[in-house]
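The structure appears below as structure tokens.
Taken together, the values in this text are just the output of simple stated rules run on the coordinates, not laboratory data. Given the structure is predicted, the values throughout are model-derived calculations rather than measurements. Virtual Cβ from ideal backbone geometry, glycine too; neighbours counted across all protein chains shown.
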């Protein structure tokens, strides 16, 4: 326990805060306005991608003042690592996707494989329309075969490993009220 605490503190000490909580709140407010304008009459099913989107989705949902339903999906490529591997489905949504407008909320758009697989899953479930919202859009070349960008974006970062506000560093520090990256 103490070694984990010390390791995480060392990582945090070697990092810089890219976005403070106030920056994140402003970005979420802007996303809320954009999403409301687009989906206010759609009665969407909102899918929170666990675990990373838990914190951003919680904040974002309070800004969406229109009828919607919430469910979650748990698909992961990282499993505690800092690099993604094969996609693993842990939990599928309980609600039917058929003929629904879906809003998928995720923590980050990185290479796009996970979010792309979730979009495909929704389309195979006969969703009427699928929108995506991400807290962080990493500015980088997407993985081969990924030919989309998120519909709604909170913040943009360079191609660095980021953590905080839902994003993890080896399954820790998701709870930080900012977005951090190791100093280069």
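Inverting the mean 1/r over all pairs of different Cα atoms, compute the Kirkwood radius of the chain and quote it in Å. Please report the intermediate quantities before stating the final value.
On the way: mean 1/r = 0.0596 Å⁻¹.
So the Kirkwood estimate lands at 16.8 Å.
Bridges between two residues of the chain, per DSSP, are antiparallel at a rate of about 35%.
Average the reciprocal distances over every distinct pair of alpha-carbons in the stretch 1-47, invert the result, and give the Kirkwood radius in Å. Don't skip to the answer; put the middle values down first.
Details: mean 1/r = 0.0715 Å⁻¹.
Taking every pair of different Cα atoms in the stretch 1-47, averaging 1/r and inverting gives 14.0 Å.
For the chain, the longest principal axis of the alpha carbon atoms and the long axis of helix 21-39 meet at an angle near 10°. Taking Cα atoms only, the orientation of helix 2-13 departs from the longest principal axis of the chain by about 80 degrees. Across the chain, Cα pairs under 8 Å and at least six residues apart give a relative contact order of 26 percent. For the pair residue 92 and residue 69 in one chain, pulling the backbone fully straight at 0.36 nm per residue adds 6.8 nm over the alpha carbon distance.
Need the C-alpha centroid separation for the stretch 1-63 versus the stretch 136-182, integer Å. That distance is 10 Å. Once the chain from residue 9 to residue 61 is taken as fully extended at 0.36 nm per residue, the excess over their C-alpha distance is 15.6 nm.
For the stretch 113-184, the relative contact order comes to 22 percent (Cα pairs under 8 Å, sequence separation of at least 6). Over the residues of the chain, the helix contribution to mean residue ellipticity at 222 nm works out to -8500 deg cm²/dmol, using -39500 (n - 2.57) for each DSSP H run of at least 4.
Only Cα pairs under 8 Å and at least 6 apart count here; give the relative contact order of the stretch 28-69 as a rounded whole percent.
63 percent
Spin-label pair residue 99-residue 54: with each label point 7 Å from Cα along the Cα-Cβ axis, the two points sit 3.5 nm from one another. Seen against the Cα atoms of the chain and their longest principal axis, helix 113-124 is set at about 20 degrees.
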